[in-house]
Structure formats: C-alpha cells, structure tokens
Amino acid sequence: MKTLLIVDVQNDFLLNGSLEVPSGDDVIEPINEIILNYPLVVATKDWHPLDHVSFVSNHPGKKVGDVVKVNDFDQILWPKHCVQESKGSDFPATLNSKTIKK
C-alpha cells in the first residue's frame, strides 16, 4: 500500500514558531498537492512534556545550543517547543489534515 509519511509539520517549526525552521512553511503546499494521491497518510508529531530534558529552560544558566550530558549521552539544548497539547504542537491549519490517520 502506498503511504505518505509527514514528519513534524507543526506550528512551532513554522513561521513565528518557537523553533522556526527557515522556509519551513514551504513544505505545506506541496504536501497538500500530493496528499490525496495516497490511500494512507500518517503524520508524526514532535511532542514533549513541559519538563523535557532537551529544553534549555529546564537547565538554569545554560543557553540554546549548549550541550549537557544525559545518561552519558550528549543532549543539545533547544528552546521550548511542541509541548504536549499546545498550539505549537498542532498541525498548521493550512495543512490538509483531514486525510491524516490519527
């Protein structure tokens, strides 16, 4: 079965999002153009709890881009983004999400 996998197209990664990807909005129109060509569409979400270890706000004195050790692994610190149940974690209203399997 032909499947379209959409990965992390969420408000926080788009224009004015807390972790904006330059030109991130440019993927939405092409997705909307091809989405109806697939019988199965699955979309993933980056979805963090508020106290996530990767959020710089949970590491006093650190800044975005710093690296901390977590269980002997390097963890880059990011701004708070895609917090569970937040508007930033939602798919953008412009994405034709009616066809996405939830």
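Note the count of lysine pairs whose C-alpha atoms are less than 28 angstrom apart in the chain, limited to pairs 8 or more residues apart or on different chains.
So the count works out to 23.
Suppose we keep just the DSSP beta bridges with both residues in the chain; what percent of those would be antiparallel, to 5?
Working: 4 of 13 bridges.
Counting only bridges with both partners in the chain, antiparallel ones make up about 30 percent.
Given contacts defined as C-alpha pairs under 8 Å and at least six residues apart, what's the relative contact order of the chain, whole-number percent?
Working: 167 pairs, mean separation 35.5, N = 102.
Once normalised by length, the contact order is 35 percent.
Points 7 angstrom from Cα along the Cβ direction at VAL7 and LYS45: gap in nanometres?
The two pseudo-label positions are separated by 1.9 nm.
Would you calculate a helix-derived [θ] at 222 nm for the chain, using -39,500 (n - 2.57) for each DSSP H run of n ≥ 4 and dividing by the full residue count, to the nearest 500? Before the final figure, lay out each step's value.
Numbers: 1 runs with 7 residues, N = 102.
After summing the helix terms and dividing by the residues of the chain, the value is -1500 deg cm²/dmol.
May I ask you to compute the full-extension gain from GLU85 to SER23, defined as 0.36 nm times their residue separation minus their alpha-carbon distance, rounded to one decimal in nm?
On the way: separation 62, 0.36 × 62 = 22.32 nm, distance 2.45 nm.
Roughly 19.9 nm would be gained on extension.
Per 0.36 nm of contour for each residue apart, how much would the distance between GLU33 and VAL70 grow if the chain were fully extended, relative to their Cα-Cα spacing? Don't skip to the answer; put the middle values down first.
Values: separation 37, 0.36 × 37 = 13.32 nm, distance 4.11 nm.
Length gained, GLU33 through VAL70: 9.2 nm.
Only one of the values (1) 14.6; (2) 14.1; (3) 15.0 was calculated from this structure for Kirkwood radius over Cα pairs in Å; name its label.
It is the value labelled (3).
Any chance you could look up the accessible area of THR94 with a 1.4 Å probe, heavy atoms only, rounded to 10 Å²?
Accessible surface of THR94 is approximately 90 Å².
Dipole of the range 1-70 (Lys/Arg Cβ +1, Asp/Glu Cβ -1, origin at the Cα centre): which of LEU14, PRO49, ASN37 lies farthest to the positive side?
PRO49
For the chain, give the percent of accessible area contributed by carbon and sulfur heavy atoms, probe 1.4 Å, rounded to a whole number. Write down the numbers at each step before the final one.
On the way: 3740 of 6740 Å².
Summing carbon and sulfur atoms, their accessible area is 55 percent of the total for the chain.
The values are calculated or read from the model by the stated rules, or taken from the named source; none is laboratory data. Just so it is clear, the model here is predicted, and its values are computed rather than measured. Counting neighbours? That spans all protein chains shown, and the Cβs are built from the backbone with ideal geometry, glycine included. Calculation scope for accessible area: heavy atoms of the full protein, side chains included, ligands and nucleic acids excluded. Shrake-Rupley method; radii C 1.70, N 1.55, O 1.52, S 1.80 Å.
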